[in-house]
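Take a look at the structure set out below.
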Amino acid sequence: MKYIEIENIACLPGRKLEEEDTFSFHCHPGLACFNRCCRNLNLFLYPYDVIRLKNRLGITSGQFIDRYSDAVLRPSNFFPEVLLHMAENEGQTCPFLSESGCSVYADRPDTCRLFPVEQGIFYDAQTMKTRMISFFKPPDFCLGLHEKTIWTPKTWIQGQDAEEYHKMTLQWADLKERFQSDPWGKSGAEGPGAKMAFMAIYNIDEFREFVFKSSFLKRYKVASETLKKIRHNDVEILKFGFEWVKFYLWGIKSGYLRLR
């Protein structure tokens, strides 16, 4: 997921897909290139990806982050990118790649789910909203693009069961856009405030413990109905985390919580 300046769209690689544009693609084990795209990747993980994968593996979000991810704070960025840690083998394969294909296929990350379509985000000044732009960008070795199955961007998202991913990625993009400027002040992007924000966004199991077992609820008034939802529902605690970070860092009012 990249933020795109409107004047740069024409210069980006791949074919920009409008809403009704079509493309051909079908990946299956009969292709000579099958699984070749699952190697040596800079594969970005979004917060909802972590929920799906950690639940699939039966581990906590903290365990998943420690075992399977790398957090990279790039120069001039104010929030780390989270990438999937490739296996330490000769091919630097995805850690979930098996001989028969993806071992977590039903819960694969958003980026894998949409491949070979890539998405970027830009702010539409006319509508004053953030929206997705799609590009058809298969690698040169991909043979799936010669198959006869036809898709539009919408049917591709539906066909890959990506609607929930799409919705959650947009919510994350709306929050992440705020990190284009420095919210940390003197404490910096690796200070205690930054660690708290990272916990709320990516380490939701630890954030849930923080909400219910620290002095959090003495500081913040949270509706009882919201507390019921976030106690056991991972998507709800993630949404709550997004709202808390916006309130905590920028003072943006939320229907989820307020100071006591």
**Asked** For segment 46-65, does any single residue satisfy the condition of being surrounded by 15 or more Cβ atoms within 10 Å (Cβ to Cβ) and assigned to a strand (DSSP E or B)?
**Response** no
**Request:** Of the conditions (1) of a type in the set (G, A, S); (2) at positive phi; (3) touching a His at 6+ places or on another chain (Cβ under 9 Å), G144 clears all except one; give me its number.
**Result:** (2)
**Prompt:** Counting only residues that are among the charged types (D, E, K, R) and either at pLDDT 90 or above or within 20 Å of the chain's Cα centre (by Cα) (or both), which one in segment 6-53 is farthest from Q171 (Cα to Cα)?
**Reply:** R36
**Fill in**
Condition set of a type in the set (S, T, N, Q) and within 22 Å of C37 (Cα to Cα), scope segment 66-114, selection surrounded by the most Cβ atoms within 10 Å (Cβ to Cβ): answer is T111
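For segment 125-213, please list each of the helices (runs of 4 or more DSSP H) lying entirely inside it that holds at least 1 residues being touching a Leu at 6+ places or on another chain (Cβ under 7 Å) and within 21 Å of E20 (Cα to Cα).
Output list reads 153-159.
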**Item:** Contacts under 6 angstrom Cβ, first residue in segment 170-183 being not assigned by TED's automatic domain parsing to the domain that holds V245, partner modelled with pLDDT under 90 and surrounded by 18 or more Cβ atoms within 10 Å (Cβ to Cβ), 6 or more apart
**Value:** A173/I121
**Request:** Output yes when any residue across segment 214-230 is in contact with a strand residue (DSSP E or B) (Cβ under 9 Å, 6 or more places away or on another chain), buried (at least 17 other Cβ atoms within 10 Å of the Cβ), modelled with pLDDT under 95 and in a helix (DSSP H, G or I), and no when none is.
**Result:** no
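The values are calculated or read from the model by the stated rules, or taken from the named source; none is laboratory data. Here the structure is a predicted model, which means the values were calculated and not measured. Neighbour counts run over all protein chains shown; Cβ positions are idealised from the backbone, glycine included.
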